[in-house]
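K.L.:
Below is one structure. I have some questions about it.
The values are calculated or read from the model by the stated rules, or taken from the named source; none is laboratory data. Fair warning: this is a prediction, and the values are worked out from it, not measured in the lab. So basically every Cβ, Gly included, is an ideal-geometry build from the backbone, and we count neighbours across all protein chains shown. For accessibility, only protein heavy atoms count, side chains too; no ligands or nucleic acids. Shrake-Rupley method; radii C 1.70, N 1.55, O 1.52, S 1.80 Å.
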Amino acid sequence: MSQYRTFSARDAVAYAQQFGGLDNPSELVDAQEVGDGNLNLVFKIFDAQGVSRIIVKQALPYVRCVGESWPLTLDRARLEAQTLVEHYQHSPQHTVKIHHFAPELAVMVMEDLSDHKIWRGELIANVYYPQAATQLGNYLAQTLFHTSDFSLHPHQKKAQVAQFINPEMCEITEDLFFNDPYQIHERNNYPPALEADVAALRDDAQLKLAVAALKHRFLSHAEALLHGDIHSGSIFVADGSLKAIDAEFGYFGPIGFDVGTAIGNLLLNYCGLPGHLGIRDAAAAREQRLDDIQTLWATFAERFQALATEKTRDVALAQPGYASAFLKKVWADAIGFCGTELIRRSVGLSHVADIDTIKDEEMRHECLRHAISLGKALIVIAERIDSVEELIARVRQYS
Ligand code: SR1
Ligand code: MG
């Protein structure tokens, strides 16, 4: 990594001219750093007409939202680029295209998605994309099936598991999802008014046992190449289009983690909607969110099952009935991981705008309490929620 230097806007333009794959690279004249995530620099590269044409993304050697006191591996740029390249092979319509990446500079050049919007912002503004849940279900089924033992030769699978070993990024997830919210930790971030609710998490032995089992699966079940952070801020949408971005947490892990993170973020939005729209107007938007969850899971499960029926290579895994039994385990995992996403986004370091931007303090606290109690319930009863309809009934029960 000795060649590494942090890019200025001018460096980003020069880099995009060299590696952006444009017929006429000198058209690129300007750049603006627009990164608003927790980790990286993101430059939009503009032409002389002020049109954004391409993106240059560079990993910083530390966690951007915390500062240099929290160093972080630059190898995450390689892991992100390679995860996206792999996912693009299986789901090109729903994965951002990587044009070029250079591990020594921790930089990648990728497709510009300025005609899309971040899904989280649209969900908060109550702008509905009727195809998004189906598209996300398809993305998850294609990427997770084709990187699993159902599809890969065992040698290829083991080589890929090795290629995508991602210890530092996984450690962030291990800490933020499964440790911090259930102990006193300086990274935790919640209003003092919620102290009793958070203390109850620390005192709940049954909950902590279920969280231990989820963490153990996250640590040890190398089922498929996960996106690893597929929340609504890692997804761009436009009319009829959905694209996943930001895969630096990619590694071989339990399939239910990606599915549960996606469902969890729809539920975080569900919890926050009354704070943005008022209780009465939130009702219809909440129903859309529940429909989205139903559609997402149904699409994922049907597509994964169909791929397994048509394309499973492994003779034992091809046994009729095995894929559907496996999907039942994925579902139970997904509910549990979904619960941990609800709790860690309410109590831990990294929150979501769906709740954090609610202006009325009392309402914001109510929405946080809702997310915590729903998350807690889902983690504890995950094994007993045997269908998406049952999940939706439970969500209504905890409203
Ligand atoms: C220190 S990184 C905090 C969070 O931001 C990322 O988007 C992941 O969700 C991570 O947990
Ligand atoms: Mg991200």
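K.L.:
So which residues in the range 38-52 are within 16 Å of ligand 1 (Cβ to nearest atom) and buried (at least 19 other Cβ atoms within 10 Å of the Cβ), if there are any at all?
P.N.:
The first filter runs over the range 38-52 and keeps only residues within 16 Å of ligand 1 (Cβ to nearest atom), leaving 38-42.
Leu39, Asn40, Leu41, Val42 - these are the residues of the range 38-52 that are within 16 Å of ligand 1 (Cβ to nearest atom) and buried (at least 19 other Cβ atoms within 10 Å of the Cβ).
K.L.:
Additional query: Considering only residues that are closer than 14 Å to Lys44 by Cβ and surrounded by fewer than 18 Cβ atoms within 10 Å (Cβ to Cβ), which ones fall in the range 12-26? Spell out how you get there, then give the answer.
P.N.:
Quick first cut of the range 12-26, residues closer than 14 Å to Lys44 by Cβ only: 12-13, 15-16, 20.
Once the filter is applied, which keeps residues that are closer than 14 Å to Lys44 by Cβ and surrounded by fewer than 18 Cβ atoms within 10 Å (Cβ to Cβ), the range 12-26 yields nothing.
K.L.:
Another one. What do you reckon, is Ile255 within 12 Å of ligand 1 (Cβ to nearest atom), of a type in the set (A, V, I, L, M) and open to solvent by less than 30 Å² (accessible area, probe 1.4 Å)?
P.N.:
Numbers: within 12 Å of ligand 1 (Cβ to nearest atom): no; of a type in the set (A, V, I, L, M): yes; open to solvent by less than 30 Å² (accessible area, probe 1.4 Å): yes.
Taking the combined requirement at face value, the residue does not satisfy it.
K.L.:
Considering only residues that are open to solvent by 10 Å² or more (accessible area, probe 1.4 Å) and within 16 Å of ligand 1 (Cβ to nearest atom), which ones fall in the range 225-247?
P.N.:
Asp229, His231, Gly233, Phe236, Ile245, Asp246
K.L.:
While we're on this one: Just give me the residues in the range 338-355 being open to solvent by 10 Å² or more (accessible area, probe 1.4 Å), touching a Leu at 6+ places or on another chain (Cβ under 9 Å) and assigned to a helix (DSSP H, G or I), in sequence order.
P.N.:
Arg344, Arg345
K.L.:
If you check Gly275, Gly260, Gly339, Gly250, which single one turns out to be out of contact with any Asp or Glu (no Cβ under 6 Å at 6 or more places or on another chain) and within 16 Å of ligand 2 (Cβ to nearest atom)? Show your work before the answer.
P.N.:
Working: Gly275 fails: within 16 Å of ligand 2 (Cβ to nearest atom); Gly260 fails: within 16 Å of ligand 2 (Cβ to nearest atom); Gly339 fails: within 16 Å of ligand 2 (Cβ to nearest atom).
Testing whether each residue is out of contact with any Asp or Glu (no Cβ under 6 Å at 6 or more places or on another chain) and within 16 Å of ligand 2 (Cβ to nearest atom) leaves just Gly250.
K.L.:
Return the residues of the range 73-131 that are part of a helix (DSSP H, G or I), among the aromatic types (Phe, Trp, Tyr) and closer than 21 Å to Gly21 by Cα; say none if nothing qualifies.
P.N.:
Within the range 73-131, the subset part of a helix (DSSP H, G or I) is 75-90, 92-94, 103-105, 119-124.
Those left that are additionally among the aromatic types (Phe, Trp, Tyr): 88, 119.
Residue satisfying the conditions is Tyr88 alone.
K.L.:
So which residues in the range 248-265 are acidic (Asp, Glu) and either outside any helix (DSSP H, G or I) or closer than 18 Å to His116 by Cα (or both), if there are any at all? Break it down into steps so the answer makes sense when it comes.
P.N.:
Going through the range 248-265, the residues acidic (Asp, Glu) turn out to be 248, 258.
Result: Glu248, single match.
K.L.:
Hey, could you check the range 44-55 for residues that are closer than 13 Å to Gly20 by Cβ, away from ligand 2 (no atom under 16 Å from the Cβ) and of a type outside the set (Ser, Thr, Tyr) and say which is farthest from the chain's Cα centre (by Cα)? Please lay out each step first, then the result.
P.N.:
So in the range 44-55, the residues closer than 13 Å to Gly20 by Cβ come out as 44-47, 52-55.
From what is left, the residues that are away from ligand 2 (no atom under 16 Å from the Cβ) are 44-47, 52-54.
Keeping just the survivors that are of a type outside the set (Ser, Thr, Tyr) gives 44-47, 53-54.
Details: Lys44: 22, Ile45: 25, Phe46: 28, Asp47: 31, Arg53: 25, Ile54: 23 Å.
Restricting to residues being closer than 13 Å to Gly20 by Cβ, away from ligand 2 (no atom under 16 Å from the Cβ) and of a type outside the set (Ser, Thr, Tyr), the top hit is Asp47.
K.L.:
A follow-up question, please. Keeping to the range 237-247, report how many residues are over 12 Å from the mean Cα position of the chain (by Cα) and either within 12 Å of ligand 2 (Cβ to nearest atom) or acidic (Asp, Glu) (or both).
P.N.:
Summing the residues that are over 12 Å from the mean Cα position of the chain (by Cα) and either within 12 Å of ligand 2 (Cβ to nearest atom) or acidic (Asp, Glu) (or both) in the range 237-247 gives 1.
K.L.:
Also, quick follow-up: In the range 204-221, which residues are within 21 Å of Glu168 (Cβ to Cβ) and open to solvent by 40 Å² or more (accessible area, probe 1.4 Å)?
P.N.:
Step one: list which residues in the range 204-221 are within 21 Å of Glu168 (Cβ to Cβ), which gives 214-221.
Listed by number, the residues that qualify are Lys215, His216, Arg217, Leu219, Ser220, His221.
K.L.:
Picking from Phe177, Phe145, which residue would you name as being under 27 Å from Lys208 (Cα atoms) and crowded, with 18+ Cβ neighbours inside 10 Å? Write out each step before concluding.
P.N.:
Values: Phe145 fails: under 27 Å from Lys208 (Cα atoms).
Going through Phe177, Phe145 in turn, the sole match is Phe177.
K.L.:
Further question on the same structure: Quick check on the range 70-83. Is at least one of its residues within 16 Å of ligand 1 (Cβ to nearest atom), more than 29 Å from Ala159 (Cα to Cα) and in contact with a strand residue (DSSP E or B) (Cβ under 7 Å, 6 or more places away or on another chain)?
P.N.:
Of the range 70-83, the ones within 16 Å of ligand 1 (Cβ to nearest atom) are 70-77, 79-80, 83.
Of the ones still in play, those that are also more than 29 Å from Ala159 (Cα to Cα) are 70.
So of that shortlist, the ones also in contact with a strand residue (DSSP E or B) (Cβ under 7 Å, 6 or more places away or on another chain) come out as 70.
So far as the range 70-83 goes, yes, one or more of its residues are within 16 Å of ligand 1 (Cβ to nearest atom), more than 29 Å from Ala159 (Cα to Cα) and in contact with a strand residue (DSSP E or B) (Cβ under 7 Å, 6 or more places away or on another chain).
K.L.:
Inside the range 307-337, can you point out the residues that are over 26 Å from Leu374 (Cβ atoms) and assigned to a helix (DSSP H, G or I)? Let's see the steps before the verdict.
P.N.:
Step one: of the range 307-337, the residues over 26 Å from Leu374 (Cβ atoms) are 307-326.
Residues satisfying the conditions are Leu307, Ala308, Thr309, Glu310, Lys311, Tyr322, Ala323, Ser324, Ala325, Phe326.
K.L.:
Just to be sure, is Ser373 surrounded by fewer than 24 Cβ atoms within 10 Å (Cβ to Cβ), among the hydroxyl-bearing types (Ser, Thr, Tyr) and modelled with pLDDT of 95 or more?
P.N.:
Values: surrounded by fewer than 24 Cβ atoms within 10 Å (Cβ to Cβ): yes; among the hydroxyl-bearing types (Ser, Thr, Tyr): yes; modelled with pLDDT of 95 or more: yes.
Taking the combined requirement at face value, the residue satisfies it.
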